[in-house]
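Visitor: Please read through the structure below; I'll follow up with questions.
Coordinate-derived values only; no laboratory data. Everything numeric in this text was worked out from a predicted model, so none of it was measured. Every residue, glycine among them, receives a Cβ derived from its backbone with ideal geometry; neighbour counts consider all protein chains shown.
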Amino acid sequence: MAIIYHASTREFHLYNRRISYIMQVMENGQLGSLYFGKKLADRQGLRGLGRTPSGVRPHAVFVREGSFLSLNHVPREYPSYGTGDFHDPAFVIEQENGSSVSNFTYVSHKIYAGKRELDGLPATYTESDTEADTLEVLLEDAVSGVRLILRYTIFSALPALARSAEFVNAGTCPVTLKRAMSMSVNLPDADFDMLYLCGAWGRERYPTVRRLAPGIQSIGSMRGISSAEYNPFLLFKRPGADEFAGEVYACSLIYSGNFLMQAEMDPFGLTRVLAGIHPNGFSWRLQPGERFQTPEAVLVYSREGLNGMSQAFHRLYGRRLARGPWRDRERPIVINNWESTGFAFDEKSILALAETARKLGVECFVLDDGWFGGRNSDRAGLGDWTANRKKLPDGIGGLSRKINAMGMKFGLWVEPEMVNPDSNLYRAHPDWILHVPERSISPSRHQYVLDFSRPEVVDAVYEMLHTLLKDADISYLKWDMNRYLTECYSVTKQPWEQGKVFHSYILGVYRLCKKLLADFPALLLESCASGGARFDPGMLAYAPQAWCSDDTDAVERLKIQYGTSLAYPVSSISAHVSAVPNQQVGRVTPLQTRAEVAMFGVFGYELDFNALTVEERQEIAGQISFVKEHRKLLEYGTFWRLLSPFGGGEAAWMTVSESGEEAIAAYYCILNRPNGEAKRLKLKGLNPDRSYIVDGDRGTVCPGDVLMEFGLPIRPEPSHDFSSRLFYLHAAADAGDDFKK
Ligand code: GLA
């Protein structure tokens with residue numbers, strides 16, 4: 001891995017064994033893009049390959065008389081609008097005189113080993129300086145005096161690059177950022193399909209593909225959080241690329257608030273991709289001396305298809321975005337009471353459920369919504385984070401100690417960013433919510449959003465949560481967020497500061513997470529937003545796992561987990577077995593299938609164990625002991641998608657240990673076919689020179705190359721809809737010598 005600056009040609013080359021990213025200082029002093037893709041040998045003079053047209057084009061606007069440099073026709077690193085480039089810009093900076101014209105030119109750069117933190121924002125990190133190198137390019141707009149720092153970090157072991165931008169008002173007058181995207185990148189040509197994760201409550205993150213075409217195509221959120229509708233993740237793949245082969249360019253934004261990701265293809269085939277905070281509703285005034293840091297975006301380039309791309313994100317996000325003691329640890333198997341009790345429980349019923357859970361091998365009891373204030377429905381109580389003594393006479397402290405005494409950890413649900421109008425907190429501080437004076441608030445789930453752009457509001461919530469965590473034995477916190485932001489206005493801010501509210505809100509959420517984790521470093525956070533409406537890399541930096549969806553039906557979860565795995569590691573995908581008929585879709589699936597889907601996630605249950613038969617409880621005890629035995633492999637192995645649940649009546653995926661010695665593969669028959677062909681599943685990631693003992697197929701011993709090229713026979717054959725088969729494979733001690741030619 002290296003970052004080289006060729007001074008004579010003013011070219012930068014960032015590369016590792018797999019990727020190259022090359023840019024240049026153009027003749028007008030601005031930064032231009034040259035190449036991003038498979039690694040090239042380092043050399044200078046690549047600027048000759050630039051896309052500058054060699055003749056005059058009608059309508060072209062040039063940077064000066066006598067020059068052929070038309071900004072509309074060349075890929076630029078962090079483009080502006082107003083001087084001849086007519087695409088959507090990466091930033092807009094309004095100056096005192098009302099003009100947004102700027103000219104940021106190269107001043108200097110520095111290259112250093114490792115990576116620095118981003119102020120107030122979650123970002124990828126390194127644990128040693130050998131893991132990454134960073135380039136910072138300093139540019140300046142001479143007229144306004146504003147400086148711009150573009151940051152690029154290239155990771156040594158991954159085909160990944162982290163990017164962000166920082167504005168520093170080094171001038172003498174205030175300026176206002178109207179748009180400040182995290183990055184702009186150019187695709188090499190226009191022959192791509194665009195894939196993004198799209199959905200809604202109960203069906204989050206379905207992969208959606210469309211052909212890239214001239215014009216702007218975008219996804220984004222104006223909901224205040226990243227949303228169930230669109231995830232801050234976007235990729236471009238060659239039309240023939242599939243899960244296993246082909247070129248993929250992917251972009252992910254480490255952010256949990258309003259975002260925009262777009263591709264703009266022009267009639268010349270120039271394709272510019274932008275990612276960052278959504279410019280709608282955003283404006284940020286910078287007084288002289290002030291700075292603004294954008295969130296970080298991550299680019300991944302893969303030649304190994306979608307799986308190759310996903311595996312790079314899994315490694316980076318699982319190991320160098322998530323942090324804290326839980327990052328690499330096996331996660332506790334939980335029982336969560338929400339789907340079985342709703343709001344209707346008391347200490348006695350909770351302890352009865354906990355006792356059975358403990359006997360089955362569950363490690364953590366998570367008490368969900370309904371334990372606090374006047375909370376007997378979703379109409380009251382949010383904001384009053386003290387126990388409802390009618391339900392829990394000994395409070396959370398008492399209950400947590402009783403659960404601990406059983407030998408289980410205790411977890412708790414909270415929704416820190418919200419308040420019900422029917423709560424003591426709201427009665428005491430009606431002005432703490434986001435609202436526009438004299439206008440009504442659009443209702444949603446009978447709750448209002450606290451104004452987390454105000455430090456004093458965040459501090460007050462911090463005090464309540466701190467007291468709660470200090471006085472009880474709480475190992476796990478499920479941090480929920482159940483409504484989108486509307487009337488996003490902060491009464492303590494000046495009119496010209498209102499464009500800061502959305503972003504400041506998210507900064508407040510990050511600050512609160514960080515502060516609580518600093519006080520309680522052993523705490524395991526699980527994020528949640530009506531299921532998976534804030535399943536994004538920003539939250540992942542604090543909460544290493546997220547409740548993936550309120551839809552726990554096994555068939556639906558195949559799709560949701562499949563889509564989620566495009567960008568996020570299995571260790572971040574919280575997945576529980578729940579009752580049938582399923583609450584969301586009414587489907588009845590076997591207990592085995594429900595568990596064998598949830599096992600490819602952070603495993604747990606939402607069932608009322610006491611309402612099950614003895615046989616069902618025995619089956620569950622078996623599932624739990626299987627997960628405990630193979631948890632490291634399930635949560636942290638290399639994950640491969642094999643058959644898409646969106647394709648037809650079946651699905652499959654697998655995980656392989658780092659050494660390649662162990663693997664678990666799962667095949668799901670969604671709709672059975674009469675008189676079908678004998679099924680074989682082509683496995684991936686095994687050692688072709690080893691033989692594997694296949695548990696689940698009568699202990700057959702089979703060579704790795706055969707399993708990958710010919711396939712693993714699915715035996716016994718599926719006999720009904722919604723059935724699943726799980727295979728545990730481990731390398732035979734004789735290293736497969738019997739099978740070698
Ligand atoms: C959200 C969550 C659920 C549950 C409920 C409680 O919908 O996604 O898992 O916690 O809130 O109100």
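Visitor: Can you pick out the pairs among Lys38/Lys559; Lys38/Lys237; Lys359/Lys628; Lys348/Lys391; Lys478/Lys515; Lys178/Lys500 whose Cα atoms lie more than 19 Å from each other?
Guide: Lys38/Lys559
Visitor: Kirkwood hydrodynamic radius, the stretch 588-741, all distinct C-alpha pairs: what's the number in Å?
Guide: The answer is 16.3 Å.
Visitor: Another question, if that's okay. Can you figure out the FRET efficiency of Ala7 with Thr105, using R₀ = 25 Å and their beta-carbon distance, to the nearest 0.05?
Guide: Rounded to the nearest 0.05, the efficiency is 0.95.
Visitor: If you don't mind, there's one more thing I want to ask. Note the full-extension length gain between Arg715 and Ser349 as 0.36 nm times their separation in residues minus their Cα-Cα distance, in nm to one decimal.
Guide: 127.6 nm
Visitor: Under a crude label model (7 Å from the Cα following the beta-carbon direction), how far is Glu117 from Trp201 in nanometres?
Guide: Result: 3.6 nm between the two label points.
Visitor: Let me ask you something else. To the nearest 20 Debye, how big is the dipole of the stretch 643-731 about its Cα centre, given +1 on the beta carbon of each Lys and Arg and -1 on that of each Asp and Glu?
Guide: 240
Visitor: Percent relative contact order of the chain, based on C-alpha pairs within less than 8 angstrom and at least six residues apart?
Guide: Normalised by residue count, the contact order of the chain is 10 percent.
Visitor: Turning to a different aspect of this structure: When every alpha-carbon pair in the chain is counted, what percent end up more than 34 Å apart?
Guide: 50
Visitor: Given a Förster distance of 30 Å, report the FRET efficiency between Asn280 and Arg323 from their Cβ-Cβ distance, rounded to the nearest 0.05.
Guide: Computed FRET efficiency for Asn280 and Arg323: 0.45.
Visitor: Return the Rg/Rh ratio of the stretch 77-320 with Cα-based radii and a Kirkwood Rh.
Guide: 0.96
Visitor: What relative contact order, as a whole-number percentage, does the stretch 643-731 give when Cα pairs under 8 Å and 6 or more residues apart are counted?
Guide: RCO, the stretch 643-731: 34 percent.
Visitor: I would also like to ask the following. Using a basic spin-label model with each label point 7 Å from the Cα along Cα→Cβ, how many nm lie between Ala142 and Ala41?
Guide: Here the answer is 4.0 nm between the modelled labels.
Visitor: Counting other beta carbons within 10 Å of each Cβ, put Cys548, Cys488 in order, fewest first.
Guide: Going from sparsest to densest Cβ surroundings: Cys488, Cys548.
Visitor: If the cut-off is a Cα-Cα distance under 14 Å, which aspartates and glutamates reach Lys110, setting aside same-chain residues fewer than 8 apart in sequence?
Guide: The reachable aspartates and glutamates, counting only those whose Cα sits under 14 Å from Lys110, are Glu11, Asp133, Glu136.
Visitor: Given the options Ala678, Ala579, Gly660, identify the residue whose Cα lies farthest towards the positive end of the charge dipole of the stretch 567-701 (+1 on Cβ of Lys, Arg; -1 on Cβ of Asp, Glu).
Guide: Of the options given, the answer is Ala678.
Visitor: Please list, in order, the residues from the stretch 505-530 whose amide nitrogen is less than 20 Å from a point placed 7 Å along the Cα→Cβ vector of Asp473.
Guide: Hits in the stretch 505-530 for Asp473 at 20 Å: 520-525.
Visitor: Arrange Arg319, Arg64, Arg673, Arg557 by Cβ neighbour counts within 10 Å, fewest through most, would you?
Guide: Arg64, Arg673, Arg319, Arg557
Visitor: With labels modelled as points extended 7 Å from the Cα through the Cβ direction, what inter-label distance (nm, one decimal) is found for Asp431 paired with Phe86?
Guide: 5.0
Visitor: Enumerate by residue number the trypsin sites (Lys or Arg not before Pro) in the stretch 689-728 meeting two conditions: DSSP loop (anything except H, G, I, E, B), and at most 11 other Cβ atoms within 10 Å of the site's Cβ.
Guide: Arg698
Visitor: Here's another thing I want to ask about it. Just the number: Rg to Rh for the stretch 91-149, Cα atoms, Kirkwood Rh, two decimals.
Guide: With Rg and the Kirkwood Rh in hand, the quotient comes to 1.12.
Visitor: Right, something else. How compact is the stretch 334-636 by the rule of thumb for globular proteins, expressed as Cα Rg over 2.2 N^0.38 Å?
Guide: 1.01
Visitor: Counting other beta carbons within 10 Å of each residue's own, what order do Val74, Val577 fall into, fewest first?
Guide: Ascending Cβ contact count within 10 Å gives the list Val74, Val577.
Visitor: Taking a point 7 angstrom from the Cα of Arg64 along the C-beta vector, which residues in the stretch 3-34 have backbone N less than 20 Å away?
Guide: Hits in the stretch 3-34 for Arg64 at 20 Å: 8-11, 24-33.
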